[in-house]
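The values are calculated or read from the model by the stated rules, or taken from the named source; none is laboratory data. All figures in this text were calculated on a predicted structure; none of them were measured in a lab. Reconstructed Cβ throughout: ideal geometry from the backbone, glycine too, with neighbour counts over all protein chains shown.
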Amino acid sequence: MTLTKVQASMATGQSGSIRNYGEVDSTSARSISADWLRTDVDLLHSDMRSLHEQTRNLDLDDRSYKKATALDVPALLDELAFSRGMGWTDIASAAGVSVSAVRKWRKGGTATGDSRERLARIAALLDLLEEKGVAEPAQWMEMSLPLPPGYHIRPIDLYIKGHPDALLELVEQRQDAEQVLDTAMPGWREERSDFEVFLDVEGQRSLRRRG
Amino acid sequence: MDSIEPDDLYEERGQVSYCRPILQGDIFEGVLLAGFGDEPFEVQIVTHPCSMRRGPVLNERIQVAPITSYQKVPDWNGHGRVMPLPDLHEDGIWYATRFVDLTAVAAAELTIQRRIASLSHPGIHVLQQRLVFHNTRLSLPLGDFREMSAPVLAEAEMQELWIEATLPEDERTVDAIERAGTDFQAWLSEDDGNRRKDLANEANYARLRKDARAAASAHH
């Protein structure tokens, strides 16, 4: 809405949501106009973010489908474990199955179509992260996020909890780690540990109460 | 304290891959325990993985605790003297490791042929959590145990990858597996020990796994 229209609307009291102040000075009218424009931009930002998330998910769905079509379970495991370097426990957690199930697949056991799709989705996400500039995506997934002392959360933990979007937000640098966690895992601040891992004099990791 | 479902607790039941290094939480059958009579027991290793070996060699004696049948416990709290082992033999029966009877056996007793189950990494964290609670009444979050144990569990996993890559299935004799394990440890110590130092940081694991796999393939 243009300033002229705002002024006209104010003068005639056409809007039901705004009190008729009578004659308004130009500064006040501009303020109202800016207020509306900002609201429009905020709404646009929200719509754009929602659209971006939808298109990202569609992109990931498409890549996952192609991966699942091209590769069987042994090939997907080979890609994740050996080409990418993911650990078996993380592969199992990310696929939503037990470590023993992954062990059975490694020995030639059959996997469901769902499992194959979930493995393909992880592989597709790693491809996507790499395209977005993460040099070693599997390595990045195991890094501890930059958080205050007492928090040990890795990108793979976010993926396991069902938030691939959050990982993309991070690598695109749209939000920092705390902002991403506030959206994806609202209770994360309550998970602070009072203990810390430290290297003892023998060079082994040990636990002690945080100072 | 946390409980865990059988499928998440065990990595393997019945027959455990010979390639997997002997590790905390492993369960063995047919083990004689001094002072426990003449009947062999099923036992679980309770020693922390960091304390089991000097370099690649197992210590002469390893801490274990005997396993007996146990009641089904929907809530694992209130059973701090044991490590519940639900459905250990995949017959629906519950067993438990009795921490109060903790003892030690010669490492030679704990052969890979006698190993009948191994725990997943999350299963090992649950065992560690319960051991600490039993000995100190201190209950710590599983995430702390995950972080503390990460280097030694990652190393064990890499050693298994190495052995699988270097030894075809029909060549996996006890001696060959031991030699392959020694080769892996030697590889880890190469490069002025930098690979071993890199185990201190999880951010290096993906690269180390890939390097180990490549080196094992070249070795083979």
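Of everything listed in (1) over 18 Å from B:H134 (Cβ atoms); (2) outside any loop (DSSP other than H, G, I, E, B); (3) away from chain A (no Cβ under 14 Å), the single unmet condition for B:Q44 is (1). Part of a loop (DSSP other than H, G, I, E, B), small (G, A, S) and more than 21 Å from B:G25 (Cβ to Cβ), is that true of B:A176? So B:A176 does not fit the description; no.
Among the candidates B:L119, B:L102, the residue that is of a type in the set (A, V, I, L, M, F, W, C) and over 29 Å from B:A165 (Cα atoms) is uniquely B:L102. For segment A:107-130, a tally of residues being out of contact with any helix residue (DSSP H, G or I) (no Cβ under 8 Å at 6 or more places or on another chain) and at pLDDT 95 or above returns 0. Apart from one condition, B:D87 fits all of (1) at positive phi; (2) touching a residue at least 12 places away in the same chain (Cβ under 8 Å); (3) more than 14 Å from chain A (Cβ to nearest Cβ); the exception is (3). Screening the candidates B:D144, B:D211 for the property of being within 19 Å of B:Q24 (Cβ to Cβ), within 14 Å of chain A (Cβ to nearest Cβ) and acidic (D, E) yields one hit, B:D144. Which residue is surrounded by the most Cβ atoms within 10 Å (Cβ to Cβ), if the candidates are limited to segment A:67-86 and must be free of Cβ contacts under 8 Å to residues at least 40 places away in the same chain and within 16 Å of B:A154 (Cβ to Cβ)? Step by step, filter segment A:67-86, then rank; the result is A:A81. All told, B:P74 falls short of being within 13 Å of chain A (Cβ to nearest Cβ) and at pLDDT below 95.
Do the conditions hold for B:E202, that is, is it at the interface with another protein chain (Cβ under 8 Å from one of its Cβ atoms), acidic (D, E), in contact with a strand residue (DSSP E or B) (Cβ under 6 Å, 6 or more places away or on another chain) and surrounded by 17 or more Cβ atoms within 10 Å (Cβ to Cβ)? No: the conditions fail for B:E202. Yes or no: segment B:183-199 includes at least one residue that is more than 21 Å from A:G203 (Cβ to Cβ), more than 14 Å from chain A (Cβ to nearest Cβ) and within 21 Å of the chain's Cα centre (by Cα). Yes - at least one qualifying residue is present in segment B:183-199. Taking the criterion of being among the β-branched types (V, I, T) and either more than 16 Å from B:D7 (Cα to Cα) or crowded, with 21+ Cβ neighbours inside 10 Å (or both), the residues of segment B:74-102 that qualify are B:V82, B:T97, B:V100. Residues of segment A:111-161 that are at the interface with chain B (Cβ under 10 Å from one of its Cβ atoms), among the charged types (D, E, K, R) and touching an Asp or Glu at 6+ places or on another chain (Cβ under 8 Å): A:E142, A:R154. The single condition among (1) within 14 Å of chain A (Cβ to nearest Cβ); (2) crowded, with 20+ Cβ neighbours inside 10 Å that B:E164 does not satisfy is (2). Evaluated against (1) out of contact with any His (no Cβ under 7 Å at 6 or more places or on another chain); (2) away from chain B (no Cβ under 11 Å); (3) modelled with pLDDT under 95, A:A184 falls short on exactly one condition, (1).
To keep it simple, each residue is scored yes or no on (1) away from chain A (no Cβ under 14 Å); (2) outside any loop (DSSP other than H, G, I, E, B); (3) under 15 Å from B:I67 (Cβ atoms); (4) free of Cβ contacts under 8 Å to residues at least 40 places away in the same chain.
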{"site": "B:I4", "(1), (2), (3), (4)": "no, no, no, no"}
{"site": "B:D8", "(1), (2), (3), (4)": "no, yes, no, no"}
{"site": "B:Q15", "(1), (2), (3), (4)": "no, no, no, no"}
{"site": "B:I22", "(1), (2), (3), (4)": "yes, no, no, no"}
{"site": "B:G25", "(1), (2), (3), (4)": "no, no, yes, no"}
{"site": "B:F28", "(1), (2), (3), (4)": "yes, yes, yes, no"}
{"site": "B:L33", "(1), (2), (3), (4)": "yes, no, yes, no"}
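B:R130 fulfils the conditions (1) within 30 Å of B:L88 (Cβ to Cβ); (2) in contact (Cβ under 8 Å) with a residue 12 or more places away in the chain; (3) facing chain A (nearest Cβ under 10 Å) except for a single criterion, (3).
Applying the set (1) within 14 Å of chain A (Cβ to nearest Cβ); (2) over 15 Å from the mean Cα position of the chain (by Cα); (3) at pLDDT 95 or above to B:R54 leaves exactly one unmet item: (3).
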